[in-house]
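**Student:** Sharing a structure below in structure tokens format, with a few things to ask.
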Amino acid sequence: MKKRVIFFFITVAYFQLQAAEPLKDYSFIRGVCYPGGWMNEQKIIERDLGYAKKLNLNSTRIWLSYKRYLNDPAGFIQKLREYVRTADSLGISTMPVLWNGNMLDPNTLKSDFHEAGDKYVKDVVEALRNEKGLLMWDIMNEPSYNDYLREAPEEEKSARWDEINNFVRYYCSLVKKLDPKNAITIGHTFPKDLEMGGDLVDVLCFHDYLGTRKLIENSYAEAEQFAKKFNKPLINSELGCIGRANPYDLALEICEEHKTGWYVFELMISGYWSEIHGLVYPDGTIRDPSIIAAIFGFHRNLDPKTRIKPNPNKEGAASRGIQMIEDALKQVTKTLRNSQSSTDELLEAAEYCANLLESSEMVPMIDPPSVKIRAWRSMDEKDRDAAAIRAFAYDLGLQLKKYCLIY
């Protein structure tokens, strides 16, 4: 077993060092999208990539910006090179996205844009093509997902798609000319889009945010047909979204079953996407432990035949917790007749019961009881709402009684 583990890590390290040339298999990628994070202050980048390293992630996918480049070409290139080297120093490779289809400017599709666009691409490629930390180039993120195409009159959609296709193919060829060594890909929105540029790229890449196991499986089946057609390796460079019924644990489990390299969206729980995406808060805490477990290959047991339901009263702990709340409530009621009673004992009993309920997954974790307990504990005694605490503790006791069948 030890030899197998050692071999795995040596193999991953080898791929990272040798990814300067297209590989036949990219299933080793355990990556994360870090869209604009690379433009942060160096100390923030080091903090965030430190979290990625702690999660044993080995690659980041970052979005570049032509407009930001125009503001300060030399500064942009310097910052980009520093990021790639910082990531590489932590054993994390980089896949830069040159163009973003989501924010597509139709003016860039015209032939007279080539001179300006070529200079941007040339500067970026020449700056990074010999960097050890470069994994591959993503020519464009989601070419098919933009207002220019989606809002086009029906009779114009085909022509607009051809415009986008020609743009992407042009820059696939230019990047390959500037950098014949490193692999290129296109971060397609859907598997059906893989036809675009499939003959030019070294790696086929699709995104999947579908909402049921059947739909996700169908998506992989379609993508794998294109991989077979073009005889190219396949990766999924965006997955995981709690706002699209695409939970990280399910998405990653299916990805692993298909032996497909992946990039979850996204590393940090911050900014615009924070309500539905992200692994780690800036302070290093996390939203959902099941996401982190899935990254390490551990998934929920959903088999009704083997799943063992928690029983927090197996050793009488639930009964003790309920008794603690009842005793504390009686004490508070007695002392309230004379003066403002301390709520510490009641919060202690509430925490005991909250720990049983939360660890047994018997309460909704969108607002776990421990959040309120911590908030009350951080207040001065005089500022606490004693009536609200009593009602809260009483309800926790009732929930334990209900789930543990204590009468």
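The values are calculated or read from the model by the stated rules, or taken from the named source; none is laboratory data. Worth saying up front: this structure is predicted, and the values here are computed from it rather than measured. Ideal geometry is used to build each Cβ from the backbone, glycine not excepted, and the neighbour counts take in all protein chains shown.
**Student:** Any idea how many residues of region 276-292 are without any contact (Cβ under 8 Å) to a residue 40 or more places away in the chain and of a type in the set (A, V, I, L, M, F, W, C)? Break it down stepwise before answering.
**Tutor:** Residues of region 276-292 that are without any contact (Cβ under 8 Å) to a residue 40 or more places away in the chain, as a first pass: 276-278, 281, 283, 285-287, 289.
From what is left, the residues that are of a type in the set (A, V, I, L, M, F, W, C) are 276, 286.
Within region 276-292, residues that are without any contact (Cβ under 8 Å) to a residue 40 or more places away in the chain and of a type in the set (A, V, I, L, M, F, W, C) number 2.
**Student:** Limited to region 125-154, what total is found for residues that are part of a helix (DSSP H, G or I) and in contact with a helix residue (DSSP H, G or I) (Cβ under 7 Å, 6 or more places away or on another chain)?
**Tutor:** Qualifying residue count, region 125-154: 6.
**Student:** Considering region 163-177 alone, what residues qualify as being over 18 Å from Met95 (Cα atoms) and either of a type in the set (Ser, Thr, Tyr) or outside any helix (DSSP H, G or I) (or both)?
**Tutor:** Of everything in region 163-177, just one residue is over 18 Å from Met95 (Cα atoms) and either of a type in the set (Ser, Thr, Tyr) or outside any helix (DSSP H, G or I) (or both), namely Tyr170.
**Student:** Please go through (1) closer than 26 Å to Trp38 by Cβ; (2) in contact with a helix residue (DSSP H, G or I) (Cβ under 6 Å, 6 or more places away or on another chain); (3) part of a helix (DSSP H, G or I) for Asn107 and return the number of the only condition it doesn't satisfy.
**Tutor:** Unmet for Asn107, out of (1) closer than 26 Å to Trp38 by Cβ; (2) in contact with a helix residue (DSSP H, G or I) (Cβ under 6 Å, 6 or more places away or on another chain); (3) part of a helix (DSSP H, G or I): (2).
**Student:** Right, next: So which of Arg213, Arg244 ends up being in contact (Cβ under 8 Å) with a residue 40 or more places away in the chain and surrounded by fewer than 20 Cβ atoms within 10 Å (Cβ to Cβ)?
**Tutor:** Arg213
**Student:** Would you confirm, using the coordinates I've provided, whether Lys54 is closer than 28 Å to Lys176 by Cβ, surrounded by fewer than 22 Cβ atoms within 10 Å (Cβ to Cβ) and assigned by TED's automatic domain parsing to the domain that holds Leu104?
**Tutor:** Here the answer is no, as Lys54 does not meet what is asked.
**Student:** When region 152-162 is examined, which residues are found to be of a type in the set (D, E, K, R) and either surrounded by 15 or more Cβ atoms within 10 Å (Cβ to Cβ) or touching a Phe, Trp or Tyr at 6+ places or on another chain (Cβ under 6 Å) (or both)?
**Tutor:** Listed by number, the list holds a single entry, Arg160.
**Student:** When the residues of region 278-321 are filtered to those that are within 15 Å of Leu250 (Cβ to Cβ) and part of a loop (DSSP other than H, G, I, E, B), which remaining residue is nearest to the chain's Cα centre (by Cα)?
**Tutor:** The qualifying residue nearest to the chain's Cα centre (by Cα) is Asp288.
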